[in-house]
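Written out below as C-alpha cells is the structure these notes cover.
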Amino acid sequence: METQANKTLELLEKHPLTQQLKADEAAATLARRKAAAARIQALKTEREATLPGLIQAHKRALEAHEAAKKALGSLEADCRAAYIAKVNKADHYQRGNAKATDVLHSTASPELDSAIAWFREKIETIRHQKPINQQRLDGRRDPVNDRQALLTFTNADAINKALAYCRQAIPALEALKMEPDFDAGKIEALKKSIPDTNELSEVRHSKKDSGWKPRPVPNSDPVVERLLSR
C-alpha cells in the first residue's frame, strides 16, 4: 500500500500542472529577490550621494554650536562685568549724593529749623481756631418752591487754605537747606503770605440744610510754590 502511495506522489510530482506551479513560485521568488537586490543598490547609490553631505552639514552645525557657546559665554561675562560696573557707579553716585546732602543739611542755617518749628506751631494754632459762622436768610424767595435761601458766612474755607499753605511751607523750608546760599527773605515772605484765617466766604443753601461743610484741604498751595520759584 505504501508503494502505491509513493507511485501516486511521483505521478503528481511529474504532472504538468504541478511543474507549472513550481515554475510560477520560483519565478515569483526570483522577482522578489531581484527587487530586493535592486532596492539595496538604489539605497547604496542614494547613501553615497547624500550621506557625505549630511555628515559635513552635521559637522558644520556642531562647529557653529561650539562657536555660539563660546560667544554666549563671552557675552555673559560682558553682561556680568557691565552689571557690576553699573551697580558700583550707581552706589558711588548715591554715596556721594548722600554725603553732599548731609553736608548741606548739617551746615544749613538754624533759622530754617526755627522756621519749620514756627510753622508747625502755626498749624496747631490754626487747627484749634474756632470757625466763624454767621447765618441769615436771603430776602429773595424761590418762585418755584416758595423758599428762602439760607446764607452762611464762614471762615472755614480760609482756615483750610491757611492749613494747606503752612503744611506746604514745611517741605519748602526743608528744600531750602539744599541751596548753598541762605536767603532769610524767603522765610519772611513765606510767613507774610499765610492766608488770612478770618476771611469770610458766602455759602448759599436751603433753609432745611444742616449748614456749611468745610472744603477738603488741598495738597499744595500755589502761593508757596510762587514764593519759592523767585
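Here are the numbers for this structure:
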| read-out | value |
| --- | --- |
| The listed residue being under 30 Å from Ala189 (Cα atoms), of a type in the set (D, E, K, R) and more than 37 Å from the chain's Cα centre (by Cα), out of Glu63, Glu48, Glu111 | Glu111 |
| Residue count, the range 155-205 (criterion: polar (S, T, N, Q), surrounded by 16 or more Cβ atoms within 10 Å (Cβ to Cβ) and closer than 26 Å to His105 by Cβ) | 1 |
| Filter pass, Ala36 being modelled with pLDDT under 90 and out of contact with any helix residue (DSSP H, G or I) (no Cβ under 6 Å at 6 or more places or on another chain) | no |
| Some residue of the range 73-83 being under 36 Å from the mean Cα position of the chain (by Cα), of a type in the set (Lys, Arg), part of a helix (DSSP H, G or I) and closer than 30 Å to Leu176 by Cα | no |
| Leading residue by the ranking (surrounded by the most Cβ atoms within 10 Å (Cβ to Cβ)) among those in the range 107-137 that are part of a loop (DSSP other than H, G, I, E, B) and in contact (Cβ under 8 Å) with a residue 12 or more places away in the chain | Ala108 |
| Test result for Thr3, of a type in the set (Ser, Thr, Tyr), out of contact with any strand residue (DSSP E or B) (no Cβ under 6 Å at 6 or more places or on another chain) and exposed (fewer than 10 other Cβ atoms within 10 Å of the Cβ) | yes |
| Flag for Leu17 being at negative phi, assigned to a helix (DSSP H, G or I) and exposed (fewer than 10 other Cβ atoms within 10 Å of the Cβ) | yes |
| Odd one out for Ser210 among (1) touching a strand residue (DSSP E or B) at 6+ places or on another chain (Cβ under 7 Å); (2) modelled with pLDDT under 55; (3) surrounded by fewer than 12 Cβ atoms within 10 Å (Cβ to Cβ) | (1) |
| Filter result for Gly53 (in a helix (DSSP H, G or I), exposed (fewer than 10 other Cβ atoms within 10 Å of the Cβ) and not charged (D, E, K, R)) | yes |
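The values are calculated or read from the model by the stated rules, or taken from the named source; none is laboratory data. Every value quoted in this text rests on a predicted model; they were computed, and no experiment measured them. Don't worry about glycine lacking a Cβ; one is built from the backbone with ideal geometry, like all the others, and counts go over all protein chains shown.
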